[in-house]
Amino acid sequence: MQATSRMLPRRGAALVASFAALGLAMACGRALAAKVDTSAMSFSPTPLVGKVIWNDLITDDLDAARDFYGALFGWTFEHSSGKGGRYVLARSGKVYVAGIVEVREKGATKLSRWLPYVSVADLDGSLAKASSAGARIAVPARNVHFGRVAAIIDPEGAVIGLARSSIGDPDDKTTAPGVGRVVWTELLANDPVTAARFYGDVVGYEASTIARRGGQYTMLAHDGSNRSGLLKNPTDAAPVWLTYFGVDDTVAAEGRVTALGGAVIARASARLREGTMALVTDPTGALLVLQKVAR
């Protein structure tokens, strides 16, 4: 992955993360408070610690984002009412896959980004460990309709949400990889060893390193299930959590991205995961990864 100015620069990253995390928690508090039909989804009776159980797009142009993702992935949308900004829930078929929250801030700073929420066993305990390890608490723990949530900025500046659900986490059957679904989450870290130790303490991940084309790759697992990945940041941009979305043809999806007003940052190439993935931005500037999945 080549260094690029289109990725979030280091300067101002903390400001962006703070505003984005505030929007994320605001959205999360409303998402499941709305009357939503989850009959096509199933939930684990116990926490699936380490699993990314929800993703929100923080954007400064909800309408542009909705048009883009609707056309790219075939998502449908439902509005959720509440104070503090507009919010919509996105569905792939009958399964809720993400939320989109509009956060506007004066000035030139771009806020748009995807942010994941990871399930933890003890939210307050995780926050205490994060703080003692040098993280900043972007959004303190708060009670919402479906449990408790918070957001942190890790010691390198990457922002992530933490959640302890009271209704159960979406199980692996519900979140099985597919076209238009979130299929993976990955941290680009400047110091993978230190980052793995941090998230091991905060989330409970067990790290293991494997060899991949282009270098070492760290799997972050819990109870034997790989939940996220960690890669040395190959760019000069700030560390960031990347969200991967399933597509049936990466090259064709790249073409749809540009036709819909987005941009391709790193094209599918044999040198990049055997041509199965591409890094792109949506029209509002949020990074996402397109990942080929089997139907």
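The values are calculated or read from the model by the stated rules, or taken from the named source; none is laboratory data. These numbers were taken from a predicted model, which means no experiment stands behind them. As a convention, Cβ positions derive from the backbone with ideal geometry for all residues, glycine included, and neighbour counts pool all protein chains shown. Heavy atoms of the whole protein, side chains included, go into the accessibility calculation; ligands, DNA and RNA do not. Shrake-Rupley method; radii C 1.70, N 1.55, O 1.52, S 1.80 Å.
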So what's the gap between the Cα centers of region 41-70 and region 201-270, to the nearest angstrom? 17
Identify the residues of region 254-295 with backbone N under 19 Å of a label point that sits 7 angstrom from the Cα of Asp236 along the Cα-to-Cβ direction, or state none. 265-266
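Taking the Cα centre of region 178-295 as origin, sum charge times position over the Cβ atoms of Lys and Arg (+1) and Asp and Glu (-1), and report the length of that vector in debye to the nearest 20.
Rounded to the nearest 20 debye, it is 300 debye.
Which percent, to the nearest 5, of DSSP beta bridges fully inside region 181-295 are antiparallel? Numbers along the way, then the final one.
On the way: 27 of 35 bridges.
The antiparallel fraction comes to roughly 75 percent.
For region 122-193, which trypsin sites (Lys or Arg not before Pro) are both in a DSSP coil and crowded by at most 11 other Cβ atoms within 10 Å?
Of the trypsin sites (Lys or Arg not before Pro), the ones in loops of region 122-193 whose Cβ has at most 11 other Cβ atoms within 10 Å are Lys173.
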Heavy atoms of Tyr205 accessible to a 1.4 Å probe, total area in Å² rounded to 10: 20
Tell me the label-point distance for the pair Ser269, Ala176, using the 7 Å Cα-to-Cβ offset, in nm and rounded to one decimal. 3.5
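With an 8 Å cut-off on Cα pairs and a minimum separation of 6 or more residues, tell me the relative contact order of region 113-262 in percent. Please report the intermediate quantities before stating the final value.
Details: 268 pairs, mean separation 35.9, N = 150.
Answer for region 113-262 is 24 percent.
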